[in-house]
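Right, one structure below, let's go through it.
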Amino acid sequence: MHLRHSPQHALTLCALLAALAAAPASAQTFAKVTDPANPIVTLGSGPGGSFIGSAWVDTDNDGDLDLFIVRNGLFRNDGAGVFVHLSGAIASQGLATGTTWADVDNDGDLDCYVAGGAPNGSALYRNQGGNVFAKVTSGAIADTLTHLGWAAAFGDYDSDGWADLVLAAPVGFNGVTGPNRLLHADGGGAFSRVDSSTVATGVGFYTVPSWCDWDGDGDLDLSIGSGSGGGALLTDYLYRNRHETTPGWLQRYLVAPLATDLHDGQQYHWVDYDDDGDLDVYLTNFGGNANTLYANTGGGVFVARTSAEVGPIVSDVGPSLASIWEDFDNDGDQDCYVTNAQTFAAKYYRNDGGTFTSLAMGTLTGNGPHWGATAGDYDGDGAVDLYVNGNATAHGLYRNTTAGAHHWLDVKLRGTISNRSALGARVRVRSMVGGSPRWQMRHVSAQNSFNGMSRLDPHFGLAEGGVVDTLVVEWPSGMRSTLTGVAADQTIEVIEPTGVTAVTASLVESSASPDGVRSVWQLAGSPAQLVAVERDRRDGEWIEIAGVTDDGAGRITVEDADVQVDATYRYRLVIREPDGVRRTGTQEIRVPGQFRLAIRSLGANPGRGPIRVEFEVPGRESAELELFDPSGRRVDSLHSAPGSAGRHAAQLGARQAMRPGVYLVRLRQNGSEVTAKVSRVE
């Protein structure tokens, strides 16, 4: 492992004609840059159209962040608040909307993909160095009208060390007439289409895609919003990575509530908002619907938070598009900025330890339209700044002028076995926050805004902590880097260890109850042999456990009864390969204190015919399952015989024809009830 500390840049803007009034150290403030000599101020709105994205990216490897705005090109950062507009560096692609960046050829600089609809489609621009970009005009990824879309995202879904690409295609909008595209990176900047994947076979109103390992099994899963833009409520598109056991690798995820709740969904932003060590998700909704925050309660079990629990971040209504999550005040938790279209005001939510307070932030939270946004510390002072897309009056570059003595750390990652941009990596740091040691976690994504992305390097606010006592990088390859005693207020570069090969394994299924944890893994590659299964309690101490079976064909079953309720555990496999012993990525799962009343799965959703309901009950008493049709009429019901608490399965709707529409399933026991929605199609 190699480390390089980057020099600090004590850079200031030349002129801030609209600086906000001085504020106490605890206040969060942003100053809108209005200097007419800054081309971002005069040209940043882009030529025509709306809903465009942007990205803070260091395109020339000079240590500061440059700004790319779809339809308006690249703005090179020369330091001291000076930007130069490189109008011809990357073409506008006509009426393009989205962008995503990664080092697709692993040559050390970031390449750009621009997503657009008719008439010019989408294109990949390879970085030749020195801010010279060459449009790729050959191969499967070349710009043709077969690649019409809205937004795109790079992510290495098969963990082979090359960044793959998904292009979301909303049929009937932006001139799009065909399905999504999934393009597999074959190395060196070449791609091939994966038309067999379920991601690329259907048609729908797909919005913004995002890659994230939300189930913690070591490979990237995919989420795409389903927003119509007009308020129609639909189920979103979520896909679990089933490794090579499923054609096209990805399988539609159908578990409530993520896959069954109805939304006008725009952008999924995967973020550990409550610092409990797992990835939660915040979904923006259009059409006058409130946004949704789903908390990951352990092992990939999600619960929608209410305004009584987390505040107005889930009750404010507006045509929302982007959500930007950063620790803007460096106090040790991530705040959220939400853009709204039309004339609705943008929103800024300060994180107060898992609950959120809405703050007025001058023109930053003024009336829109505001579309995409991107976050990055462009002046190198340790405070994360914002650029917000909008029309000629609403767009803006906002310098973070928050006062205070809070510390920070930026982590720059360089993959060697993993993809060079380290997409999918997780970074964890432990430092003193509020007088107590606290872990924080970030993951690296090339699509974490509306039609764009914030800078790739994870940023951590450390509050009063001047030293990070432990920094852990979990690489997509399954490798792990650990540093101790890292000084705050710097950018530190961590390079993935070389000379070893990555372990490839996927989590097939997992479950947890008060009785224990059960999980099934599948190894990829016949030479790999299981050595052991290890477990920890997220304190860094791994122990070998028993209760493990191997069927001889690479399928590993883990049954761990030696657990405590209300505790979260992490598991990983130790594998012997021809060139040594390796460890997989980790699975994280929470052991509940008791069985709960829950609808676990609704079979195919959307689907046809009867509905297989898998559910969980906490008591021994009889439970009732009911099915209501789209008009609200009860069309089926079942009563279970008294028995033990735990998980059960039943079938609803077998006694009548299931007409197309959205049905409601209700589960009741002991006066409590839960509901879930399920769709039936022709």
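The values are calculated or read from the model by the stated rules, or taken from the named source; none is laboratory data. This structure is a prediction, so every number in the text was calculated from the model and none was measured. Here the Cβ is made from the backbone with ideal geometry for all residues, glycine too, and neighbour counts use every protein chain on show. With ligands, DNA and RNA removed, areas are computed over all heavy atoms of the protein, side chains included. Shrake-Rupley method; radii C 1.70, N 1.55, O 1.52, S 1.80 Å.
Among Phe173, Phe615, what's the order by accessible area (1.4 angstrom probe), most exposed first?
Greatest to least solvent exposure: Phe173, Phe615.
Tabulate in residue order the Karplus-calculated ³J(HN,Hα) for region 189-204, using 6.51 cos²θ - 1.76 cosθ + 1.60 with θ = phi - 60°, rounded to whole Hz; enter x for Gly and Pro.
Those phi angles translate into x, 8, 9, 9, 7, 10, 6, 7, 6, 4, 5, 10, 9, x, 10, x Hz.
Can you check what the net charge comes to around Asp379, using other residues whose Cβ is under 12 Å from the Cβ of Asp379 (Lys, Arg +1; Asp, Glu -1)?
Net charge around Asp379: -4.
For region 615-632, take each phi angle, set θ = phi - 60°, evaluate the Karplus expression 6.51 cos²θ - 1.76 cosθ + 1.60, and give the result in whole Hz per residue in order, putting x for glycine and proline.
Working through the residues one at a time gives 9, 10, 10, x, x, 7, 5, 4, 10, 10, 10, 10, 10, 10, 7, x, 8, x Hz.
If you average over every viewing direction, what projected area does the convex hull of the Cα atoms of region 104-176 give, in nm²?
With the hull built on Cα positions only, its mean projection is 5.2 nm².
How big is the Rg/Rh ratio for region 120-257, C-alpha atoms only, Rh by Kirkwood, two decimals?
0.97
Go ahead and run the numbers for FRET between Asp566 and Ala37, Cβ-Cβ distance against an R0 of 51 Å, rounding to 0.05.
The calculated FRET efficiency here is 0.30.
Pull up the cross-link candidates among the lysines for Lys32, meaning alpha carbon to alpha carbon under 18 Å and not fewer than 8 places away within one chain.
Lys347
Restricting to the chain, what percent of DSSP beta bridges are antiparallel, rounded to 5?
95
Roll a 1.4 Å probe over the protein heavy atoms and report the accessible area of Ser436 in Å², nearest 10.
Near enough 60 Å² of accessible area.
Stokes-Einstein diffusion coefficient for region 41-200 at 10 °C in a medium of 1.306 mPa s, Rh from the Kirkwood formula over Cα pairs: what value in µm²/s?
Rounded, D is 100 µm²/s.
Helix-only estimate, please: 222 nm mean residue ellipticity of the chain, summing -39500 (n - 2.57) across DSSP H runs of length 4 or more and dividing by its residues, to the nearest 500.
Calculated mean residue ellipticity at 222 nm is 0 deg cm²/dmol.
Mean separation of Cα pairs under 8 Å and 6+ residues apart, divided by the residue count of the chain: what relative contact order is that in percent?
The normalised contact order for the chain reaches 11 percent.
Could you list which residues have their amide H under 5 Å from that of Asp352, counting only those 5 or more apart in sequence or on another chain, with H placed in the peptide plane?
Thr357
Tell me the carbon and sulfur percent of the accessible area for the chain, rounded to whole percent, probe radius 1.4 Å.
Whole-percent figure for carbon plus sulfur exposure: 50.
Tell me, what ³J(HN,Hα) does each residue in region 393-402 have, in order and in whole Hz, if you take phi through Karplus 6.51 cos²θ - 1.76 cosθ + 1.60 with θ = phi - 60° and put x for Gly and Pro?
9, 9, 6, x, 9, 10, 8, 6, 10, 4
Quick one, can you get me the convex hull of the C-alpha atoms of the chain expressed as volume per residue in Å³?
Once divided by residue count, the hull of the chain is 149 Å³.
May I ask for the Kirkwood hydrodynamic radius of region 590-682, worked out over all distinct Cα pairs and given in angstroms to one decimal?
Here the Kirkwood hydrodynamic radius works out to 13.5 Å.
Net charge near Leu86, counting Lys/Arg +1 and Asp/Glu -1 over other residues with Cβ under 12 Å of its Cβ?
-2
Do you know the relative contact order of region 535-578, to the nearest whole percent, from alpha carbon pairs under 8 angstrom that are 6+ apart?
43
Heavy atoms only, probe 1.4 angstrom, no DNA, RNA or ligands counted: give me Ser54, Ser631, Ser159 ranked by accessible area, highest first.
So the residues, ranked largest to smallest area, are Ser631, Ser159, Ser54.
Subtract the Cα-Cα distance of Glu621 and Val84 from 0.36 nm times their separation in residues, and report this length gain in nm to one decimal.
Additional length available on full extension: 186.3 nm.
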